[in-house]
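Colleague: Sharing a structure with you now.
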Amino acid sequence: MQRSRYEYLCAEVEAGNDAFVCHPDSNEEGIITGCVLKTGHMLVKTAQGQTRCWDFNSCKDLQHPKQGPMI
């Protein structure tokens, strides 16, 4: 993912909107719950309810999650 897209998704999350990403190496996806702009990391809640911290360079933007509602 490009840095500009990462910053956009973080702004969307900060505004209260949902943003979803996929981590191709682990084949996990989830909803972004927060960002650490200084380090380029995202806090992500997976469909299994686990919290992950992913570098934006390792992620792909998801327009729509594959698995049902994310809580």
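The values are calculated or read from the model by the stated rules, or taken from the named source; none is laboratory data. All of these numbers come straight from a predicted model, not from anything done at the bench. Quick reminder, even Gly has a Cβ in these numbers, built from the backbone with ideal geometry, and neighbours come from all protein chains shown. Keep in mind that these areas ignore ligands, DNA and RNA; they rest on the heavy atoms of the full protein, side chains included. Shrake-Rupley method; radii C 1.70, N 1.55, O 1.52, S 1.80 Å.
Colleague: Subtracting the Cα-Cα distance from 0.36 nm times the residue separation, let me have the gained length for Thr46 to Ser26 in nm, one decimal.
Modeller: Taking 0.36 nm per residue and subtracting the Cα distance, the gain is 6.1 nm.
Colleague: Short version: ³J(HN,Hα) in whole Hz for each residue of the range 18-25, in order, from phi by Karplus 6.51 cos²θ - 1.76 cosθ + 1.60 (θ = phi - 60°), x for Gly and Pro, what are they?
Modeller: Whole-Hz 3J(HN,Hα) from phi for the range 18-25: 7, 9, 10, 9, 10, 10, x, 5.
Colleague: Further question on the same structure: Measure nothing fancy, just the Cα-based angle from helix 3-14's long axis to the longest principal axis of the chain, in degrees from 0 to 90, nearest 10.
Modeller: The two axes meet at around 70 degrees.
Colleague: Ala47's amide H: which non-local residues (gap 5+, or another chain) put their own amide H closer than 5 Å, with H modeled 1.01 Å from N in plane and none for Pro or chain starts?
Modeller: Placed amide hydrogens put Glu29 under 5 Å from Ala47.
Colleague: I'd like to check one number: the per residue accessible area of the chain, probe 1.4 Å, reported in Å² as a whole number.
Modeller: 63 Å²
Colleague: Which of Tyr8, Pro24, Cys35 sits closest to the plus end of the dipole of the range 3-61, meaning its Cα is farthest towards the positive end, when Lys and Arg get +1 and Asp and Glu get -1 on the C-beta?
Modeller: Value computed over the given set: Cys35.
Colleague: Sticking with this structure for a sec: With every protein chain left in place, what is the accessible area of Met1 in Å² (1.4 Å probe, nearest 10)?
Modeller: 50 Å²
Colleague: Something else now. Using a 7 Å offset from Cα along Cα-Cβ at Cys53, what residues in the range 1-33 end up with backbone N under 15 Å from the label point?
Modeller: In the range 1-33, the label zone of Cys53 (backbone N under 15 Å from the point 7 Å along Cα→Cβ) covers 33.
Colleague: Projected area of the chain, taken from the Cα convex hull and averaged over every viewing direction, in nm²?
Modeller: Values: hull surface 16.9 nm².
Taking the Cα atoms of the chain, their convex hull projects to 4.2 nm² on average.
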